[in-house]
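Okay, so here's the structure we're looking at.
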There are 2 protein chains.
Amino acid sequence: MTNSELMKEDLKHIFHPCSQMKDYETIPLIPIKSGKGAYIKDFDGNEYLDCISSWWVNLFGHSNDYINKKIKEQVEELEHVIFAGFTHKPAVDLAKRLIALTPEPLQKIFFADNGSSAIEIALKMAFQYFKNKGDTRTQFISLQSSYHGETMGALAVSDTGLYKDIYNDILIQTIKAKSPALVSEDEAIEDMKKLLEENKGNISSVVIEPLIQCAAGMLMYDASYIKRLRKLCDEYGVFLIADEIAVGFGRTGTMFACEQAGISPDFLCLSKGITGGYMPLSVVLFTDDIYNAFYCDYNEGKSFLDSHSYTGNTLACAVANAVLDIFENENIIEKNKEKIEFIKEKTKKFETLENVVEVRQRGMVCAIELNAYENRRINLEIFQEALKEGIYVRPLGNILYFMPPYCFTFEQLEKMIEVTYKIVSTKL
Amino acid sequence: MTNSELMKEDLKHIFHPCSQMKDYETIPLIPIKSGKGAYIKDFDGNEYLDCISSWWVNLFGHSNDYINKKIKEQVEELEHVIFAGFTHKPAVDLAKRLIALTPEPLQKIFFADNGSSAIEIALKMAFQYFKNKGDTRTQFISLQSSYHGETMGALAVSDTGLYKDIYNDILIQTIKAKSPALVSEDEAIEDMKKLLEENKGNISSVVIEPLIQCAAGMLMYDASYIKRLRKLCDEYGVFLIADEIAVGFGRTGTMFACEQAGISPDFLCLSKGITGGYMPLSVVLFTDDIYNAFYCDYNEGKSFLDSHSYTGNTLACAVANAVLDIFENENIIEKNKEKIEFIKEKTKKFETLENVVEVRQRGMVCAIELNAYENRRINLEIFQEALKEGIYVRPLGNILYFMPPYCFTFEQLEKMIEVTYKIVSTKL
């Protein structure tokens, strides 16, 4: 079977995500046969370095031997069981470990399956917390250029026009505050304060992507904003929801991005890397105070009844535990520091290029903002040129970025940077 | 490790789905150590027949040897790859097979991960179809007592107060039509016609759970309603979305419930059983006409950009293919017929009991509606009594129901029915 045969079969039926399907008339869809470590390999035998961790999910490489071993063991024991009224060891272990890894105020955990659902759970819980206390607060604040997912609640608190605008008529309206990635930190904080003041008593929560607004184009801001936002939320008595779905599990250099601000959110949403890129799983961590607002006699009707069928999926929890094993056993966060420095050093030279606006980095995420070219989709040009050299990148518009799995060697990091540098400096 | 030890560890941190956590003070949470076939086994060595397929997901038993084999093979090859710009054989095979199994007009497929997301995709696509043609239709119609999921779009078209009412202030408002499970078919059709007429030009789609409104208490209605609804939707030019997340994959006796009406929906949402109860995966199937409304030059801005990270997850697709293999190789739909008849015969005697309102059945789903008892949570009583006899059921309020995996033997079906009969006839 060849690439073109499988592509033809695929395009008869499959509508791919985040795609204008007509683009596949000119840009071949690539059927991947296998993956190992940093590489994915197609049906024609070409290998590509997966420089964006297969959409920000992979951490320790494809078909990881240790994770595979754990999956094989788990399916022999228990693949899944209903999580209402029942539990299982992989979930209990995972809960305990995540709570030990995250800020101390986060003592409780709710399981779901995908990232959007985690956001919806946090939003619903924040709303219901106040509702349970007789206080109806219908509004949420999020940041301009934020992205929190695809379901209609998650979209409502998003501000990435590309994904959202067309649906505005079927979304609830929420409040957007200026983003510290787009204006100065002082201005962003002032704006947030103004909005909290204007809507006093009607806001249940503020939701942010800490440090990096990924989908908007890897827009970055400083931890000091989060610290100041935490204070504001306390002052106004509203919850702070940290959406670390993309940035959690070491992407920003620390295990979780919030650590860099030295604060705890009230809700922490995790997904993507949680299973090392193997399968869907998401969790929401929160405080005892929040938990207690739902804890009462059944007849009081204050339960939080959210329930996805695969909530707490046993297999996914076992995989997540394997991922945490690797973090511990291989001292990943510490080891990444050298790679982070390496990326920083090696990407400096992009700054000298005329068509480069900025090189920015937070931990293992590095973005190179290029000039926007009118009537040219340079993201596709870069994608295609890089593929020829065995490098897979997927720029967001004019933002070329790297988010490699942590298994990348220094040689692989260097190749990723050199190949794309050559393209940006000579082909655009 | 014992049940009580693990339960204690669990309750320190985990907020379970669809649970008032305080209930676990009196009703023990059960830690499951392993599962095999029809049974799940706890840490104290007790075994339970899983009579509700672990929340309607399991089809061929726990830790199924064939599915396990396929998972082990797949992780060695490729666990997951980004599904934008790339594809893989398990997804292409699954797409082809699902399209062959579903009504002919459904020729295209979009992958997601959980059921709620599939519903949101269908709603968003239906809305955007018209929007892409310059027609803004902001309304959706669903049925009274419907349940379509937990995210805010899926909740908005749901009508199960228990899960929804508390969130009304943060949901968009949608239109509810009378349910054929609650009023006569004629009355339901008349009401739907009236609503379609009143909101002419403003409705993009009607969404239903074909044949069984599961979460509302296994409320059932006839295929003839679906046939008439299909006609109405055509007459008014609105899409029909069939939510077969719970009822698909043989639950109602046919592979898909819509078959019994001899019609095709415009959108078909599938999840739960699609992976035989192993892990999250969902898909939305739709027509070429719908696909074509999004197919154009990128700059026209009509793409459908929805994108969950684990969309088209390779491992889950491989599992779904294994599930379809079992359906084919073991001739499951045909073989289930005898089990369906067996359940029908054996549950007849419930009808003679004074506290039984009705016994109803569609295929492998059988519900026994009991009298409601004021100030008694008989669902919990039945659950606990049955557990003592090694039977796991989870009545919805006063609705005792069975939705066993297809691997149940006749002896196991009989035990399930006999044990619960004894409880209903002597303990309530």
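Evaluate the relative contact order of segment B:68-329 (contact order divided by residue number), counting alpha-carbon pairs under 8 angstrom at least 6 apart; express in whole percent. Write down the numbers at each step before the final one.
Values: 475 pairs, mean separation 74.2, N = 262.
Once normalised by length, the contact order is 28 percent.
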For segment B:68-329, what does the alpha-carbon gyration tensor say about shape, rounded, prolate or oblate, given a ≥ b ≥ c as the root eigenvalues, a/c under 1.5 as rounded, and a/b over b/c as prolate? prolate
When the Cα centres of segment B:325-373 and segment A:239-267 are compared, how far apart do they sit, in Å? 49
Karplus 3J(HN,Hα) series, Hz, for segment A:251-263 with 6.51 cos²θ - 1.76 cosθ + 1.60 (x for Gly, Pro): 4, 8, x, 9, 3, 10, 5, 4, 3, 5, 8, x, 10
Helix B:410-426 versus the longest principal axis of chain B: what is the Cα-based angle in degrees, 0 to 90, to the nearest 10? 70
Calculate the dipole size of the protein assembly as shown relative to its Cα centre from +1 charges on Lys and Arg beta carbons and -1 charges on Asp and Glu beta carbons; express the result in debye to the nearest 20. 40
Rounded to the nearest 500, what is chain A's calculated 222 nm mean residue ellipticity when only DSSP H runs of at least 4 contribute -39500 (n - 2.57) each, over all residues? -11500 deg cm²/dmol
Strictly over 24 Å apart at the Cα level, which of B:346/B:427; A:89/B:72; A:41/A:346; A:41/B:72 would you flag in this model? A:41/A:346
Counting only other chains, what is the mean number of Cβ atoms within 10 angstrom of the Cβ of each residue in peptide A:271-280? 6
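Share of antiparallel DSSP beta bridges in segment A:68-329, in percent to the nearest 5? Write down the numbers at each step before the final one.
Working: 12 of 26 bridges.
Roughly 45 percent of the DSSP beta bridges within segment A:68-329 come out antiparallel.
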Förster-model FRET efficiency, 45 Å R0, residue B:342 and residue B:199, C-beta, rounded to 0.05: 0.50
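Using the structure shown, select from A:8/A:33; A:164/B:124; A:178/A:344; A:131/A:272 the pairs with a Cα to Cα distance greater than 19 angstrom.
Working: A:8/A:33 15 Å; A:164/B:124 11 Å; A:178/A:344 28 Å; A:131/A:272 31 Å.
Check vs 19 Å cut-off fails for A:178/A:344; A:131/A:272.
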In a Gaussian network model over chain B where Cα atoms closer than 10 Å are linked, find which of B:226, B:141, B:170 has the largest mean-square fluctuation. B:170
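Scan segment B:140-191 for chymotrypsin sites (Phe, Trp or Tyr not before Pro) in coil per DSSP, keeping those whose Cβ has at most 16 other Cβ atoms within 10 Å, and list them by number. All intermediate terms of the calculation are to be shown ahead of the outcome.
Details: sites: B:140, B:147, B:163, B:167; in loops: B:147.
Here no chymotrypsin sites (Phe, Trp or Tyr not before Pro) fit, given the DSSP loop and packing criteria.
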List, in order, the whole-Hz ³J(HN,Hα) value for each residue of segment A:118-126 obtained from phi through the Karplus relation with A = 6.51, B = -1.76, C = 1.60 and θ = phi - 60°; use x for Gly and Pro. 5, 4, 4, 5, 4, 5, 5, 5, 4
In whole Hz, what ³J(HN,Hα) sequence does segment A:147-163 give by Karplus (6.51, -1.76, 1.60; θ = phi - 60°), x for Gly and Pro? 9, 10, x, 10, 6, 5, x, 5, 5, 4, 8, 8, 9, 9, x, 3, 8
State, to one decimal in nm and shortest first, how far the label point of residue A:334 sits from each corresponding label point in the other identical copies (label point: 7 angstrom along Cα-to-Cβ). 6.3
For residue B:414, which inter-copy label distances result when the label point lies 7 Å beyond Cα on the Cα-to-Cβ vector, reported in nm to one decimal and in ascending order? 7.3
From the label point of residue A:222, set 7 Å along Cα to the beta carbon, how far off in nm is each other copy's matching point, shortest first? 7.2
Amide H of residue A:52: which non-local residues (sequence gap of 5 or more, or other chain) have their own amide H closer than 5 Å, using H built in the peptide plane? A:403
Using the Cα gyration tensor of segment B:223-374, with a ≥ b ≥ c the square roots of its eigenvalues, what is the shape: rounded (a/c below 1.5), prolate (a/b larger than b/c) or oblate (neither)? prolate
Residues other than residue B:12 with Cβ under 10 Å of its Cβ, Lys/Arg counted +1 and Asp/Glu -1, net out at +1
Amide H contacts of residue B:88 (H built 1.01 Å from N, under 5 Å, at least 5 apart or other chain): A:32
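How big is the dipole moment of chain A about its Cα centre under a simple scheme where the beta carbon of each Lys and Arg is +1, that of each Asp and Glu is -1, and everything else is neutral? Debye, nearest 20, please. Spell out each step's value before the answer.
Details: 46 positive and 61 negative charges, 19 e Å.
Computed charge dipole of chain A: roughly 100 debye.
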Amide H contacts of residue B:62 (H built 1.01 Å from N, under 5 Å, at least 5 apart or other chain): B:36, B:37, B:38, B:39
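Count the net charge of all other residues whose Cβ sits under 14 Å from the Cβ of residue B:387, scoring Lys and Arg as +1 and Asp and Glu as -1. Don't skip to the answer; put the middle values down first.
Values: positive: B:41, B:388, B:394, B:415, B:422, B:427; negative: B:42, B:44, B:47, B:50, B:381, B:385, B:389.
Around residue B:387, the surrounding residues sum to -1.
Laboratory data are not the source of any read-out in this text; all were calculated from the coordinates shown. Just so we're clear, the structure is a prediction, and the values are computed from it rather than from any experiment. For neighbour counting, all protein chains shown are included, and Cβ atoms are generated from backbone atoms with ideal geometry for every residue, glycine included.
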